Every structure is written in C-alpha cells, then in structure tokens.
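Novice: Supplied in structure tokens, the structure appears directly below.
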Amino acid sequence: ELQEKVRHPFGKGSLTTDGVQYSAEHTTTTDDYEAVETITFYNLPGHTLEEIEFGLTMAIKSSGAAESVLWKWQGSDNGTDWEDLIAAQTRAASAAAYADVTISGRFAPTGNFLGTGTTFQIRAVIKSGGAGGETATGKTKNSSYIYTKYRRS
C-alpha cells in the first residue's frame with residue numbers, strides 16, 4: 001500500500017505587503033555553509049520512505065555587489081550528517097539584492113538521508129562565495145514543499 005503526503009512547513013515568518021511569506025532571515029557569520037532553516041519531518045509508522053519530490057525556494061543575497069552566494073538544500077536522518085539534494089549552486093556576483101532560487105525534482109533516499117528513522121530533516125544552507133568578512137543572507141519561501149511517498153514495511 002502506497003501512502004503519500006504533501007508538506008508545506010517552510011517560511012512561516014511574517015506575511016509581506018505583496019502577500020509573500022518567508023522565514024526569518026539568516027546572515028552567515030563564518031566562511032562555512034550555515035543553515036537558513038531546518039525542518040524536522042515525522043515518518044509514517046510502519047512505512048518505508050521510498051522517495052521525496054520537492055519544490056524548494058529561498059531568497060538569497062550577498063553583502064556586496066562583487067560577491068557571489070553558494071547555496072544548496074540537504075536532507076539528513078540525524079540532523080548532523082547531511083546528504084545534498086542538489087550539488088552546490090552559485091548565484092553569481094552582483095547578488096546584493098534578494099533573488100529567489102528554486103530547485104525541484106525527486107530524491108530516492110541514499111547516503112546520510114535514508115529516511116529509515118522516526119524523523120528526518122530538510123534544510124537550506126548558504127555561504128559567501130568570498131572569504132574573510134563577506135556574508136550571505138537567505139530566507140526560505142512558504143511555497144516550498146516536499147511530497148513524501150511511502151510503502152508499508
């Protein structure tokens with residue numbers, strides 16, 4: 001028996017005047033990837049996660065017009081060891097104003113994201129394309145979703 005579930009837990013911050021909703025902003029403080037937002041999902045008891053389909057959007061910007069922003073989305077079974085849902089992407093320099101970046105696709109559990117426990121996590125991460133003081137800022141958009149497909153174990 002196949003069970004499917006659509007989930008929209010991202011970007012639950014304030015509604016803007018044009019009707020768009022984002023999470024709180026996160027500005028990086030290191031030269032490493034930092035989480036913009038991390039959401040924990042509960043698996044269906046007695047079922048095995050077969051696949052997730054996703055449409056994930058975040059708005060990103062850099063601290064300077066000559067700086068790029070690196071970004072990606074990841075999944076994990078334990079919130080510590082992460083599997084990329086997409087390889088690192090680069091928003092080119094001149095990224096000083098917010099722009100939405102979106103990924104969509106399907107992911108079969110693998111590596112550090114097997115979906116075999118009671119929970120799993122999905123997160124958006126960013127970092128500055130430069131080193132030494134530049135920052136990246138991001139916020140997830142409320143239209144982001146994951147669609148989970150399970151089989152009875």
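All of the numbers you see were taken from the coordinates with simple rules; none came from a lab. Worth saying up front: this structure is predicted, and the values here are computed from it rather than measured. Every residue, glycine as well, gets a Cβ built from its backbone with ideal geometry; the counts of neighbours run over all protein chains shown.
Novice: Could you point to the label whose value was computed as Cα Rg over 2.2 N^0.38 Å for the structure here, given [x] 1.08; [y] 0.99; [z] 1.24?
Specialist: [x]
Novice: Where Lys and Arg each count +1 and Asp and Glu each count -1, what net charge lies around T28 among other residues with Cβ under 15 Å from its Cβ? Spell out each step's value before the answer.
Specialist: Numbers: positive: K61, K72, R91, R123, K127, K139; negative: E25, D31, D32, E34, E37, E67, E134.
Taking every other residue near T28 into account, the sum is -1.
Novice: Full extension from D31 to E83: what is 0.36 nm times the residue separation minus their Cα-Cα distance, to one decimal in nm?
Specialist: On the way: separation 52, 0.36 × 52 = 18.72 nm, distance 1.97 nm.
Net length gain for the segment: 16.7 nm.
Novice: Taking the Cβ of E51 as the centre, find all other residues whose Cβ is under 9 Å away and add up their charges (Lys, Arg: +1; Asp, Glu: -1). The partial results should precede the final answer.
Specialist: Working: positive: R106, K149; negative: E50, E53.
Net of charged neighbours comes to 0.
Novice: Order 82-88, 121-127 from most to least packed using the mean count of other Cβ atoms within 10 Å. Before the final figure, lay out each step's value.
Specialist: On the way: 82-88: 15.3, 121-127: 24.1.
Order by mean packing, descending: 121-127, 82-88.
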